[in-house]
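What follows draws every value from the coordinates through simple rules; no lab data is involved. Note that the coordinates shown come from a computational prediction; the quantities given were computed from them, not determined experimentally. Cβ sites come from the backbone with ideal geometry, for glycine too, and all protein chains shown count toward neighbours.
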Amino acid sequence: MNAINIERLTKAFDGKPVFVDLDLVVAQGETVAVLGPSGCGKSTLLRCIAGLERPTGGTARAEGDVGYVFQEPRLLPWLNVEKNVRFAARDDVERARVGGVLGLTGLHDAARLLPKQLSGGMAQRTALARTLVRNPSILLLDEPLAALDALRRMDLQAALASIIATLYATALLVTHDVDEALYLADRIVVLGGSPSRIETELVVPLNARRRRDADLTPERTTLLRALGVEDHLPSFSI
Amino acid sequence: MPADSLGTRPLTGVRIALAWIVPVALLLLWIAAGTFHWVQSYQLATPQGVFEELVSLGSRGLLAKHILASVDRVFTGFGVALALAILVGTIVGLSRTGERLLDPTLQAIRAVPSLAWVPLLLLWMGIGESAKITLIAIGAFFPIYVNLVAGIHGVDRKLVEVAHTLGVRGIALAARVILPATLPSLLVGARIGLTQAWLFLVAAELLAATRGLGFMLTEGQQISRPDEILSAILLLAVFGKLSEMGMRVIEARLTGWTDSFR
């Protein structure tokens with residue numbers, strides 16, 4: 001069964017098509033990463049699924065409770081961390097979950113802080129916690145870690161991996177970080193061209209998923225080539 | 001200390017001293033004008049005269065009467081303006097239909113200098129309290145309304161999108177996202193509106209009143225008592241400043257979450 005169905009999806013801004021007749025299916029429990037140069041419509045794709053943009057043609061459907069994490073935290077500045085998380089709760093069951101979610105995202109000690117007092121990493125954790133309070137079955141992640149420094153990002157990638165696993169969630173992750181895609185995803189889709197289409201699709205080997213020590217050099221090279229980046233691997237022979 | 005270093009980075013003490021030079025000089029000039037009889041006493045009272053007048057008014061209970069009458073009018077008129085501006089501003093800010101329906105008319109009314117309403121108000125309501133309060137409310141309404149509508153239109157679209165992804169729409173969106181986000185603009189508008197309320201209070205009381213600070217001004221003019229006029233001006237300055245400071249305290253309390261430069 002599929003959690004996300006994208007069929008012949010077309011989106012144009014002012015008559016200029018971003019992508020035309022895009023097809024993509026994400027199975028339940030699968031994590032798919034979308035890579036591509038900026039402006040290729042990665043975010044627009046997520047926004048169509050979430051209903052933030054109206055497709056010009058075709059359909060983009062998510063079957064289940066959708067949680068959306070933006071590139072910026074987008075916290076309500078007048079609410080503290082705990083109240084920002086509570087903002088997403090619809091009923092008592094979800095309100096009761098707030099404390100647990102704050103623990104899961106490492107925010108217990110920051111619960112009373114206002115957004116202006118948070119570091120970038122903490123703010124993004126809060127945004128993630130706000131999404132998780134609803135126990136979503138589908139996560140749409142729009143470059144959620146792009147604004148963080150490298151160490152903080154690796155830290156949150158691991159947190160994200162364990163959260164997706166804990167929730168048995170389906171995830172569609174937009175990123176421009178090849179290593180992030182290889183670490184988190186089961187399958188990677190590269191968008192490119194104008195208008196964009198799926199240039200390359202790659203399944204991450206089962207035994208290499210969610211592992212920092214996996215040797216994924218061939219996959220990495222394939223992805224970088226698809227993105228039009230020449231690899232600068234040393235080419236000398238012994 | 002060289003003059004340019006003063007200009008680039010004045011010390012706090014120096015800054016305060018600089019601010020006091022002109023008022024103190026004026027006060028000295030004022031005392032001198034009375035002491036050396038530069039000006040006739042029926043034109044300008046001495047500072048001592050103003051002080052004595054204030055004490056005398058106070059001892060006769062008139063000071064409290066005038067102040068209470070004015071403060072009561074200002075806050076009643078301001079309260080009416082605030083309530084109406086929040087109601088109308090919310091409708092115009094949130095609903096496009098509401099904006100098309102109401103905003104052109106309100107902008108046209110705003111273009112009329114507010115004092116032009118005075119004759120009409122006197123004709124309709126007579127010289128009673130309601131005419132004065134209506135005039136004050138008209139004066140205070142527009143700054144609040146304009147700031148509130150601009151604030152609602154300026155709410156960060158990104159926050160609205162977050163609410164959309166969480167299924168928060170309609171009245172819940174207005175109550176939980178848009179209005180709290182608008183609070184800083186509303187309070188700025190309210191502060192300007194309160195200043196306007198004092199301005200229109202004087203206008204209303206100059207025209208028709210039997211008590212109040214504006215009445216003290218008219219009475220002082222009619223019976224040639226510059227000390228009474230200056231007392232009223234002094235009190236207006238004090239109460240105008242006090243209510244502005246009060247609004248700033250409320251602003252600081254309610255909008256401490258803003259992440260602004262100051």
Can you work out D for the protein assembly as shown in µm² s⁻¹ from Stokes-Einstein, where Rh is the Kirkwood radius over C-alpha pairs, the temperature is 4 °C and the viscosity is 1.567 mPa s? 46
If the convex hull of the alpha-carbon atoms of region B:110-262 is projected onto planes in all directions, what is the mean projected area in square nanometres? 12.0
With springs only between Cα atoms under 10 Å apart, run a GNM on chain B and tell me which of B:Leu18, B:Leu29, B:Leu187 wobbles the most. B:Leu18
Counting each DSSP H run of 4 or more residues in the protein assembly as shown as -39500 (n - 2.57), what helix-only mean residue ellipticity at 222 nm follows after dividing by all residues, to the nearest 500 deg cm²/dmol? -18000 deg cm²/dmol
Lys, Arg +1 and Asp, Glu -1 on Cβ, resulting dipole of the protein assembly as shown about Cα centre, debye, nearest 20: 760
Mean shadow area of chain A, taken as a quarter of the surface of its Cα convex hull (nm²): 14.6
Work through the residues other than A:His108 whose Cβ is under 13 Å from its Cβ and net out their charges, Lys, Arg +1 and Asp, Glu -1. 0
If you take the charge dipole of the protein assembly as shown about its Cα centre, with +1 on Lys and Arg Cβ and -1 on Asp and Glu Cβ, which of B:Leu234, B:Thr97, A:Leu128 is farthest toward its positive end? B:Leu234
Tally Lys and Arg at +1 and Asp and Glu at -1 over the other residues with C-beta under 14 Å from the C-beta of B:Ala64: what net charge comes out? +2
Considering only B:Ala203, B:Ala108, B:Ala69, give the residue with the highest GNM mean-square fluctuation for chain B, with springs between Cα atoms whenever their separation is below 10 Å. B:Ala108
GNM result for chain A, Cα springs below 10 Å: residue of A:Lys11, A:Lys83, A:Lys116 fluctuating most strongly: A:Lys116
Hz values of 3J(HN,Hα) by residue in region B:31-36 - Karplus curve (6.51, -1.76, 1.60), Gly and Pro given as x: 4, 4, 4, x, 4, 9
Projected onto their principal axes, the Cα atoms of region A:118-204 stretch, largest extent first, over whole-Å spans of 38, 28, 23
Rh (Kirkwood, all Cα-Cα pairs) for chain B, Å, reads 21.6
Over region B:109-190, what portion of Cα pair distances is larger than 20 Å, expressed as a whole percent? 51
Taking the Cα centre of region A:131-238 as origin, work out the dipole magnitude from +1 charges on Lys and Arg Cβ and -1 charges on Asp and Glu Cβ, in debye rounded to 20. 340
With the convex hull built on the alpha-carbon atoms of region A:159-208, volume per residue in Å³ sits at 86
Region B:9-40 to region B:95-160: how many Å between their Cα centroids? 40
Are there DSSP H segments in chain A that both extend 24 Å or more along their axis (alpha-carbon positions) and score a mean Kyte-Doolittle hydropathy of at least 0.5? List them, or say none. A:150-167
Step by step: find N for region A:72-136, compute 2.2 N^0.38 Å, then divide the Cα radius of gyration by it. What's the final number? 0.96
